[in-house]
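The values are calculated or read from the model by the stated rules, or taken from the named source; none is laboratory data. As the structure is a computational prediction, the values presented were derived from the model and not from experiment. FYI the Cβ positions are ideal-geometry reconstructions off the backbone, even for glycines, and counts take in every protein chain you see. Protein only, heavy atoms only, side chains kept; ligands, DNA and RNA dropped before computing areas. Shrake-Rupley method; radii C 1.70, N 1.55, O 1.52, S 1.80 Å.
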Amino acid sequence: MPSENLRFETLVALKNSPKGKLKYSPDWLEKGEDVLAGCIEVSSLSPLSGQILKRMSPRPLLKTCSLTSCVRDTSPGLSEDAAACGSLPISPRQVSSPSSPPPVSIFTEEDEEKKGEEIKEAPVVSPEASVSSTPSISVLSPRATQMAGCIRMCEQKHKARAKMELSLRQEQQERLVATVANRESEQLKRFEEFMELKQRQDHQSMRDMMEKETQESIGRQEKLREEHRHRMKILNLRLREMEQQRLREAELERQRQVEGRERHRAINAIQEEVLQLNQLLQPRPSTDSALDHAPYITRGNQLCSQVSEVVPASADGQFLSVEDLNVAERALQEMRSLVRGLQEEVTRAAERKKREQEEEEEDKKRQAEVKAQQEEQKKNAARSTIEKAKREGLQTGADESTLKWYNALQDSANQCAQASEDLSKAKDAQMKKLKMELQKAATTPVSQIANSSGSPLKEAFEKIDKLLSGRPVTSAGKSVSTSQHPQGLEFVSYRLAEKFVKQGEEEVASNHSAAFPIAAVASGIMEMHPKIGDLILAHLHKKCPYAVPHYPPMERGTSVEDYQRILGYRVDDSKVEGQDSFLKRMSGMIRLYAAIIQMRWPYTGKQGPHPHGLNHGWRWLAQILNMEPIADITATILFDFLEVCGNALMKQYRGQFWKVILLIIEEYFPRIEAVTSTGQMGSVTRLKQFLETSLRTKQIPTPKSELGSAFFRS
């Protein structure tokens, strides 16, 4: 019905009015509250409410309606609405009370939404006009109760419907959740299957990769095995080649040793034969005493020395070379020729003597008186000849080769002195200063040599080596070098060699233990700089000619003072030094020379023989024994030389050395005693005791001041 529709729209309008904002609770009666306390005043609608409802709905609106009497509008469209409105039992208090609850619509939710939109679009009517035109409507309490019951029933219906819809929605939600859960479980299952598949694929790819790497590793190992087998083949070939080479070298070494032993036996036989032949050169009582054996004896001694120089090369497992054997064979042939020549001369002398005897027998009767005189003269001549032979049995000077070597060294020293003459005799102040700096740089390290430890010795050697190599060195806080002057190297070389010899003349003469450290540095310099070695020997020979050995003869026109200087004496203002001082200086230089020929600088690292080694010491000893001894000098230098160098010569030459010692005791020492006066027997006695002790013990003691390997490591 139209009125029923307008009823609910009216209730909605009342609900939205200020007085329709009343709260209603069904529990008021139970709580004892006065429900109608706020409904005393009469409620009224605005005269424009019908317009609003009409505007919201196309249905006719009820303008005024009273609960006691229904007043219809003049318009025919509102009659039914008024009648419908009059049929509603509404309490006057409920309508008029501003706090009464709003009417409840029984429309559906969609109808309510439509009506709400229509009410919002309705025009707003002034409240003053509504008050003036709206009649008062009285609401009765029973009707209100009925209305409340309707509202309560409506709410229960709505609640039941809402519960039903809620249960339906819950069922739908549960079905949806179950569906989603099933779908998610299926997706999870698919995901797990996918992950398992991917894991299997990864494992399979990993196994494939590992199998591939295994195959590659096996291939590499096989390749390495193949390369190893190839290398082993090559190494086996090389080993076989090396073994064959070793066998060839061993065979060659065996052949060389066999040949060396053969040469060694041959050289021993040659030496024995040479010595036997040399004995044949000695004068015999059965031969003619008038025959001069001196040239034959001298040459025989030279040949023996030549063979003796070759023999020591076979000591310590070393074998002679073919050249050395040829030299010894040539010496043997020459010795044989010499013996044959002597025998021929002896034969001729015997024949001559025989003829003379025959002539004497024929003239014996005619010249009886003259014969006695001739026999006396012959006896005198024989005695003089024997004395002359004994006196001229040894050399009075060095042989030609030694003199040639001696003169060559002196010429080299003179040339070096002339080459540095401009710097030595410089008059310019700057040049003099440079000369003094170079001289200090050369001589100071030599003066600092001592037998304390190896480090200072090495430092002194390095300074000298730097200076001779042209590198700058520091001397007295200044840097100096031989390259600062064109003659710097010659000047330093000459002064350095002179300083070494002076150290032997002064330092070693007063302190015998200083010979070995000075000799060690000197031998190292001689090995690194051979020119310095020649200069050292030249200065040594000039100050001590017995180190050659050489006994300089007095030439015509030479004064006594000059000749004494040549012999090594110091002559100052025509005053010659004493014999003790002279012998002391000669002893120091001989000891230095003996230490040089056996010492070797351990830090050079060079291979090969010593630049002036023990072979020169053996030559010196052989030469000194081939020369007539000089009183006091020969015994002194021979003792000093053997005391310093005897142990090294003994180790090097062994049996040959002891033969020489025996020769000295048996043949040479009596000659020394023969030329020595009573007041000069000190050195002779010392030499005799040394020789007898050495021969008795078959040992020459090591010098006390000799430097060992531990010294050079300190």
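What to note about this one:
- Solvent exposure, largest accessible area first (probe 1.4 Å, DNA, RNA and ligands not counted), of LEU239, LEU707, LEU275: LEU239, LEU275, LEU707
- Put a dot 7 Å past the Cα of VAL675, heading toward its Cβ, do the same for MET164, and the two dots end up 16.6 nm apart.
- For VAL571, the amide hydrogen comes within under 5 Å of no other amide hydrogen, counting only partners 5 or more places away or on other chains and with H modelled in the peptide plane.
- Each of GLN244, SER205, ALA162 was placed along the dipole of the stretch 161-268 (beta-carbon charges, centred on the mean Cα), and the one lying farthest toward the positive end is GLN244.
- Positive minus negative residues near HIS230 (Lys, Arg vs Asp, Glu; Cβ under 14 Å): +3
- In this structure, the amide hydrogen of MET627, modeled 1.01 Å from its nitrogen in the peptide plane, lies closer than 5 angstrom to those of GLN395, counting only residues at least 5 positions away or on a different chain.
- Of the residues TRP405, TRP658, TRP618, ranked by 1.4 Å probe accessible area with the largest first, the sequence reads TRP405, TRP658, TRP618.
- Think of the stretch 419-545 as a dipole: +1 on every Lys or Arg Cβ, -1 on every Asp or Glu Cβ, centred on the Cα centre; then among THR444, GLN503, ALA515, THR444 lies furthest on the positive end.
- Separation of the alpha carbons by more than 23 angstrom is noted, of LYS542/LYS659; LYS458/LYS704; LYS458/LYS651; LYS575/LYS688, for LYS542/LYS659; LYS458/LYS651; LYS575/LYS688.
- Largest to smallest accessible area among ARG190, ARG585 [probe 1.4 Å]: ARG190, ARG585
- Within-14-Å neighbourhood charge of PHE669 [Cβ basis; K, R +1; D, E -1]: -2
- As a rough guide to protection, the peptides 628-636, 166-174, 493-501, 149-157 ranked by mean Cβ packing within 10 Å, highest first, stand as 493-501, 628-636, 149-157, 166-174.
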